[in-house]
1. Only one of (1) out of contact with any helix residue (DSSP H, G or I) (no Cβ under 7 Å at 6 or more places or on another chain); (2) of a type in the set (A, V, I, L, M); (3) assigned to a loop (DSSP other than H, G, I, E, B) is not met by ALA5, so which one is it?
2. Only one of these is surrounded by 15 or more Cβ atoms within 10 Å (Cβ to Cβ), touching a His at 6+ places or on another chain (Cβ under 9 Å), hydrophobic (A, V, I, L, M, F, W, C) and farther than 12 Å from PHE32 by Cα: ALA247, ALA231. Name it.
3. Residue pairs, Cβ under 9 Å, 6 or more apart or interchain, first in the stretch 130-143 and over 12 Å from LEU155 (Cα atoms), second modelled with pLDDT under 90 and in a helix (DSSP H, G or I). List them.
4. Quickly run through the stretch 182-193 and pick out the residues that are surrounded by 15 or more Cβ atoms within 10 Å (Cβ to Cβ) and closer than 15 Å to ILE214 by Cβ.
5. ALA33 - would you say it is at pLDDT 95 or above and under 18 Å from LEU69 (Cβ atoms)?
6. Mind checking which residues of the stretch 1-55 are farther than 20 Å from GLU176 by Cα and without any contact (Cβ under 8 Å) to a residue 12 or more places away in the chain?
7. Where in the stretch 132-243 are the helices (runs of 4 or more DSSP H), entirely inside, with at least 1 residues that are of a type in the set (Phe, Trp, Tyr) and under 28 Å from VAL94 (Cβ atoms)?
Amino acid sequence: MAELAVDNLSLRFGGLTVLDNVSFAVETGELFALIGPNGAGKTSALNCISGIYRGTGAVRFRGQDILGLKPHQIARQGLARTFQHGELFAQMSVLENLLTGRHARIGTHPLAEMLFLPSVKRAEIAHREAVERIIDVVELERYRHAPVGALPFGLQKIVGFARALALEPTTLLLDEPSAGLNREERENLARFILRIKHELNVTIVWIEHDMQMISDLADRVHVLDYGRTLAEGRPEVVLNDPAVLAAYLGTAA
């Protein structure tokens, strides 16, 4: 059984068809890249999977159809995502931003929290230890207490990536995590992606425009064009497909 299976996913806004019967399956531990020209429907697909948009068809996560569930319900099942522009809390520290990513793991009662009972204290310690492990994975130790809004853009992108990891997901949806990063920051991001894939066995669905990163890191690639599937397969095959080249470059060769 696939970790994530998308079957005949369609999305329309009035008379505009954004996704047209898109289907793909992602295996456990796979790094699955979703690519295509601007406006191809990539982010809309992630929005449907994560519950932000309501499409039609089926989205099965670990065998359960999650299409139509609310985002927080999907997050509780172990599916996290990042956003193109971070969507961070600028006045809060890196540590505090990552703690917000633990929301789906909080099981304490509000009354117990008000009284700060021993069970709440133990839970808070556990949440902070989990966040510190993520800070170590993405090498943000020196910035843990810095306000996120004061950090360079590249570091803010890493914080957004780390916040999604703080949920302890089994599947992670990455929406253009390298956009706006310089070469060194992209290389660091690539290391972090490979680290969580191999050390944490996290399944990854990854929207990306950097074809070199796709070629180097992805296990399989799925190409969208105008909301439809154009190609799918190994990177070395798909990235040399004449139809894919035509979609990106406007020419068949």
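The values are calculated or read from the model by the stated rules, or taken from the named source; none is laboratory data. Owing to the predicted nature of the structure, the values given are computational and were not obtained by experimental measurement. Please note: Cβ atoms are built from the backbone with ideal geometry, for glycine as well, and neighbour counts cover all protein chains shown.
1. (3)
2. Working: ALA247 fails: touching a His at 6+ places or on another chain (Cβ under 9 Å).
After applying the criteria, what remains is ALA231.
3. Partner pairs satisfying both residue conditions: ALA130/ARG105; VAL137/GLU199.
4. ARG186, LEU189, ALA190, ILE193
5. So ALA33 does not fit the description; no.
6. Matches in the stretch 1-55: ARG12, PHE13, GLY14, GLY15, LEU16.
7. On the way: elements: 153-166, 183-199, 211-217, 235-238.
Ranges flagged: 153-166, 183-199.
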